[in-house]
């Protein structure tokens, strides 16, 4: 190779290398990537030199903090969308702009184990009614939008429910039997979750069952109304994976009771119950123009409770929940003088059995979506 040819290759290489080295020092570092939804690596601490992990952690740091990484991730996403590679972010994009997450295979032994754990919890408290409210999951509900052959968890849910011995309110099945337009009116297009209208449908089914079993007064859906918040931009968690390339103008709503009941909130923080304002728990970010699912409804906490002295009953209910419960946070206090919400994923080693023993609720309702039928949701049942 001639001297000129060598320079032709070496000079651009050196300039590019110098550019990115300089950029490493002067571009701001990020702790979280909202597109990928994960924390980014920080510069390794000095003690990693002693245990030998510094090289691998430094490599991860360089990868995560690469200059213009966010722009490159967005560009990569756009290329996937242009090439019609729908699962570049484990999402399917329908022709009408719906984002549907890809499901995964489950182990039938794990499902049977989970059903057994739920049954054992109920058996430990024979005098306390325990119900399972099975809420719809997006992939399960909108399977008709997916390419043929994609998993939708139908066979897994059937196996789980066949082995559950507690009363089941199967909202997932009710949603499946709805016409497509009614389903679509009850879910966010660009988020994993449903909206308040969808959650109210499942809440109505639960309350009708409790009323039929003589535990609560007759349910009156006409006592509730939708409260619409226009001009909001939804920060959908699925849309985030695409760098918010999809339409963000979606209906944002709450369900409200016909009158405003006086309630008080307590949040479990550091093992201590602390009195907090309603805005700390319910609809904490609703005043902002750009809102996420948690902003509209409730974030995921290990535990919080609502006291409602003017509720329609003097009963206490314990709700073991996942995030699909969040839009109903303000509905339970209409019927129950005390509602305690618990997400076992954020309670460490505390078990549902311990909580029931300590709180002595009149009713226990487990509100899990139809994909949460194994794993961590059941590890701390007892």
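The values are calculated or read from the model by the stated rules, or taken from the named source; none is laboratory data. The structure displayed is predicted, hence computed values, not measured ones. With ideal geometry, Cβ positions are generated from the backbone for all residues, glycine too; neighbour counts draw on all protein chains shown.
Observations on the model:
- Any chance residue 121 is within 14 Å of residue 366 (Cα to Cα), in contact (Cβ under 8 Å) with a residue 12 or more places away in the chain and part of a helix (DSSP H, G or I): yes
- Single match in 356, 366 (criterion: assigned to a helix (DSSP H, G or I), closer than 22 Å to residue 382 by Cα and in contact with a helix residue (DSSP H, G or I) (Cβ under 9 Å, 6 or more places away or on another chain)): 356
- For the stretch 134-153, residues that are outside any loop (DSSP other than H, G, I, E, B), surrounded by 15 or more Cβ atoms within 10 Å (Cβ to Cβ) and without any contact (Cβ under 8 Å) to a residue 60 or more places away in the chain total 4.
- Subset tally (residues that are surrounded by 14 or more Cβ atoms within 10 Å (Cβ to Cβ) and within 20 Å of residue 190 (Cβ to Cβ)) for the stretch 243-283: 11
- Hey, residue 201 assigned to a helix (DSSP H, G or I), more than 23 Å from residue 91 (Cβ to Cβ) and either touching a strand residue (DSSP E or B) at 6+ places or on another chain (Cβ under 7 Å) or at pLDDT 95 or above (or both) or not: yes
- One residue stands out among those in the stretch 183-197 that are under 16 Å from residue 135 (Cβ atoms) and assigned to a helix (DSSP H, G or I): the one that is farthest from the chain's Cα centre (by Cα), which is 183.
- Some residue of the stretch 210-227 being in a strand (DSSP E or B), touching a residue at least 60 places away in the same chain (Cβ under 8 Å) and at negative phi: yes
- Just one of the listed residues (282, 336, 341) is modelled with pLDDT of 95 or more, touching a strand residue (DSSP E or B) at 6+ places or on another chain (Cβ under 7 Å) and over 21 Å from residue 169 (Cα atoms), and it is 282.
- The lone exception for residue 378 - which of (1) more than 27 Å from residue 197 (Cβ to Cβ); (2) within 19 Å of the chain's Cα centre (by Cα); (3) part of a strand (DSSP E or B) it fails: (3)
- Checklist (1) more than 30 Å from residue 182 (Cα to Cα); (2) modelled with pLDDT under 65; (3) part of a loop (DSSP other than H, G, I, E, B) applied to residue 46, failing item: (2)
Yes/no per residue for (1) assigned to a strand (DSSP E or B); (2) in contact with a helix residue (DSSP H, G or I) (Cβ under 9 Å, 6 or more places away or on another chain); (3) crowded, with 18+ Cβ neighbours inside 10 Å:
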{"residue": "300", "(1), (2), (3)": "no, yes, no"}
{"residue": "306", "(1), (2), (3)": "yes, yes, yes"}
{"residue": "309", "(1), (2), (3)": "no, no, no"}
{"residue": "313", "(1), (2), (3)": "no, yes, no"}
{"residue": "318", "(1), (2), (3)": "yes, yes, yes"}
{"residue": "324", "(1), (2), (3)": "no, yes, yes"}
{"residue": "327", "(1), (2), (3)": "no, yes, yes"}
{"residue": "330", "(1), (2), (3)": "no, yes, yes"}
{"residue": "334", "(1), (2), (3)": "no, yes, yes"}
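- Tally of residues being farther than 22 Å from residue 279 by Cβ and either surrounded by fewer than 16 Cβ atoms within 10 Å (Cβ to Cβ) or over 22 Å from the mean Cα position of the chain (by Cα) (or both) across the stretch 219-242: 5
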